[in-house]
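One structure is given here, and the rest of the page talks about it.
Read-outs throughout are calculated quantities, based only on the coordinates presented, and are distinct from any laboratory measurement. All of these numbers come straight from a predicted model, not from anything done at the bench. For neighbour counting, all protein chains shown are included, and Cβ atoms are generated from backbone atoms with ideal geometry for every residue, glycine included.
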2 protein chains.
Amino acid sequence: MPFRALGRLHDFSERICAIQKSLHPKIDRKAVVIMAADHGVVAEGVSAYPQEVTCEMIKAFLSGGAGINVLAGQAGADMIVVDMGIRTDLQPAHLQADSRLHVMKIARGTANMLKGPAMSRQQARQSIMIGFQIASDQIAAGAQLLGTGDMGIGNTTASAAIGAVITAMDPDAMVGPGTGVDNSGLARKCDIVRGAIEMNRPDPADGLDVLAKVGGFEIGGIAGCILAGAYHRCPVVIDGFISTAGALVAERICTKVKDYLFAGHCSAEPGHHHMLAHLKLEPILNLGMRLGEGTGAALAMHILAGAVNIFNQMFTFEQAGVSGQNP
Amino acid sequence: MPFRALGRLHDFSERICAIQKSLHPKIDRKAVVIMAADHGVVAEGVSAYPQEVTCEMIKAFLSGGAGINVLAGQAGADMIVVDMGIRTDLQPAHLQADSRLHVMKIARGTANMLKGPAMSRQQARQSIMIGFQIASDQIAAGAQLLGTGDMGIGNTTASAAIGAVITAMDPDAMVGPGTGVDNSGLARKCDIVRGAIEMNRPDPADGLDVLAKVGGFEIGGIAGCILAGAYHRCPVVIDGFISTAGALVAERICTKVKDYLFAGHCSAEPGHHHMLAHLKLEPILNLGMRLGEGTGAALAMHILAGAVNIFNQMFTFEQAGVSGQNP
């Protein structure tokens, strides 16, 4: 075809070839891993929704009516839900037997990061190891493309704190409305992020320290998934604001993970593009989405599939008997 | 879900509901219509590729190795190819019997618009009527979403001329490298567009006049498809630079067509975003593509499908038993 006439599709397929070390890239088997956890900082009134919603949404994922069910289904991706540390136990109990659910509770929510570290360094390490193991299992079971997703009331607050620390930007630029706090809520959320950073003084160079002090269990789980993707040469498409906070943590632990990442979309959460710029990732989609759950990652999988299909199936001009450029 | 948390997906599904006058929108059956024709202005050396490529690419579409075969196939869309006026006859002759090909030759290419009008007003009307009929037949056969595509060596030159006339912008802003002319070729192409406009003085308010004087048969066919989509309440997703030139012509004939259009993507051809801005259409994708054939339209169909699937399948918080916002 005319030189690189499919634009970024060429970049995508080349990167997947490089990641998979293959000129026959394959992303037929896909999985979206949704990491879920609760956040102690919700006690400060940072969210528009009550904390029960974290658990209720896990039920919705398993029942099949959530946004990610629709979009992962459309993309032909399996969905895995990991309870990294929600406050409650899933009711009714039989839901816990669903093979798509992995109960790996580290604790019943993080501690309030305004009063001290959200979790211990040991718990931070544990969250990453769980994410690494879950993703490794998916890859061992045949997944050729992973998507990350999140669920956790309060997690835009933790993600904004991680973003502010690692990108060295002011919390003002990183804090957004999340699921929809109003203006006074936004100002309070900003104060809380600033206060949590001042109280805990996380070391921006130490991803584990940032995760422990102002992060969340699901964010550690996402970081672990990303590290596993890089380790096993499996491309990972991250979702929005929370997944990218996980990517920032993973990148502090191992810079090379960036080479294995695709940014599914740019979220409407205003700090997200700063995070992506820090990671030098250009989003695939830009549709003003801010639902989380992995919805942006799932939708972007169609574009990556298009890139790989073009690479594998399209003829060259020579194969198709089409004349070349004028001399 | 949190208010409009899926961003533009909500806009897309609402628009499709409005177009189809239904709260159960359906875009299961999709078709990409590729309009093909040759251009007399190629004699001026405006293209990086020889004119034979138009016909050779039609063969490639029917043989199955072109970009649009891959991406329409992935999107589950049928592909229709219309010979609106290519110079040669398709060889070997048995290809003409392929049911996906419609031979509706208006002439063996347009006249050279630098020397006079590209076609007569009667031919311009004919090209639109053919496009209207082809699209109407697809809709009658069950298509619920149409995509437009193009093939025609020289057609970025004609499209740039249409764009310059209708948007009232300088040809400098509208002319780009197309399939890849070099810098001196680009300057020549710009002079030719400027010369063709000065010679023919098309009336910007009269879409048929613009099409006749500086357009192409495939561009008229695309305009006809767009008018048919609006007439039959079928959403149409346009591809890139050439399809949008067709949309500009259609919009001059009937302003309301804009309400039935989706812009699949923003092309790398530099004038494209000016055309889209004139039509007040925001592109769905922005991936630097510039292959034509309908490839951008086909890829965007996944996003529109996502919007419709979310609208039809996702539960409300109430249905899913999820708590509402904090009081």
Output field shielding_mean for B:45-54 (other chain Cβ, 10 Å radius) holds 3
Net charge (Lys, Arg +1; Asp, Glu -1) of residues whose beta-carbon lies under 11 Å from that of B:I242, B:I242 excluded, is -4
Nearest 10, in degrees from 0 to 90: the angle of helix B:241-253 to the longest Cα principal axis of chain B is 90 degrees
Exposure proxy check on B:I16, B:I238: fewest-to-most Cβ neighbours within 10 Å is B:I16, B:I238
With no solvent term and unit scatterers on the alpha-carbon positions of chain B, Debye gives log₁₀ I(q)/I(0) at q = 0.06, 0.07, 0.11, 0.14 Å⁻¹ of -0.20, -0.26, -0.62, -0.98
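Average projected area of the Cα convex hull of segment B:144-197, in nm²?
4.5 nm²
How well do other chains shield peptide B:312-325, expressed as the mean number of their Cβ atoms within 10 Å of each residue Cβ?
Values: counts 1, 9, 10, 8, 1, 6, 0, 3, 9, 5, 11, 9, 4, 8.
Taking all residues of B:312-325 together, the mean is 6.
With each run of n ≥ 4 DSSP H residues scored as -39500 (n - 2.57), what mean residue ellipticity at 222 nm is computed for the protein assembly as shown after dividing by its residue count and rounding to the nearest 500 deg cm²/dmol?
Numbers: 26 runs with 310 residues, N = 654.
My calculation for the protein assembly as shown gives -14500 deg cm²/dmol from helical runs alone.
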What a careful reader reports for the chain B Cβ nearest the rotation axis onto chain A, distance rounded to whole angstrom, is B:H302, 2
Per residue of A:286-295, other chain Cβ atoms within 10 Å number on average 6
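Number of Lys-Lys pairs in segment A:1-116 under 27 Å by Cα, sequence gap 8 or more or different chains?
Lysine pairs meeting the criterion: 5.
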Placing +1 on each Lys and Arg Cβ and -1 on each Asp and Glu Cβ in the protein assembly as shown, then taking the dipole about the Cα centre, the residue among B:H39, B:N69, B:L261 whose Cα reaches farthest towards the positive end is B:N69
Projected onto their principal axes, the Cα atoms of the protein assembly as shown stretch, largest extent first, over whole-Å spans of 79, 48, 43
Toy charge model, Lys and Arg Cβ at +1, Asp and Glu Cβ at -1: the protein assembly as shown dipole around Cα centroid in debye, rounded to 20, equals 220 debye
Computed on Cα atoms, the radius of gyration and Dmax of segment B:201-325 in angstrom are 17.2, 64
Rg (one decimal) and Dmax (whole number) from the Cα set of segment B:69-219, in Å, equal 16.7, 47
Inter-copy distances for A:P204, label 7 Å out on the Cα-Cβ vector, sorted ascending, nm, one decimal, are 5.0
Between the modelled labels at A:S99 and A:A173 (7 Å from Cα along Cα→Cβ) the distance in nm is 4.8 nm
Among B:L211, B:A173, B:A135, the residue whose Cα sits farthest towards the positive end of the charge dipole of chain B (+1 at Cβ of Lys and Arg, -1 at Cβ of Asp and Glu, taken about the Cα centre) is B:A135
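Grab the other residues whose beta carbon is less than 14 angstrom from that of A:I86, score K and R as +1, D and E as -1, and report the net. Walk me through the numbers on the way to the answer.
On the way: positive: A:K59, A:R87, A:K105, A:R108; negative: A:D38, A:E52, A:E56, A:D83, A:D89, A:D150, A:E218.
Neighbour charge sum, excluding A:I86 itself: -3.
Could you please report the charge total around A:L281, scoring K, R as +1 and D, E as -1 over all other residues with beta-carbon less than 13 angstrom from its beta-carbon? The partial results should precede the final answer.
Working: positive: A:R8, A:R15, A:K258, A:K280; negative: A:D11, A:D239, A:E251, A:D259, A:E282.
That sum, taken over residues with Cβ under 13 Å, equals -1.
Where does each of B:K115, A:K256, B:K213, B:K21 land when they are ranked from fewest to most other beta-carbon atoms within 10 angstrom?
Least to most surrounded, the residues fall as B:K21, A:K256, B:K115, B:K213.
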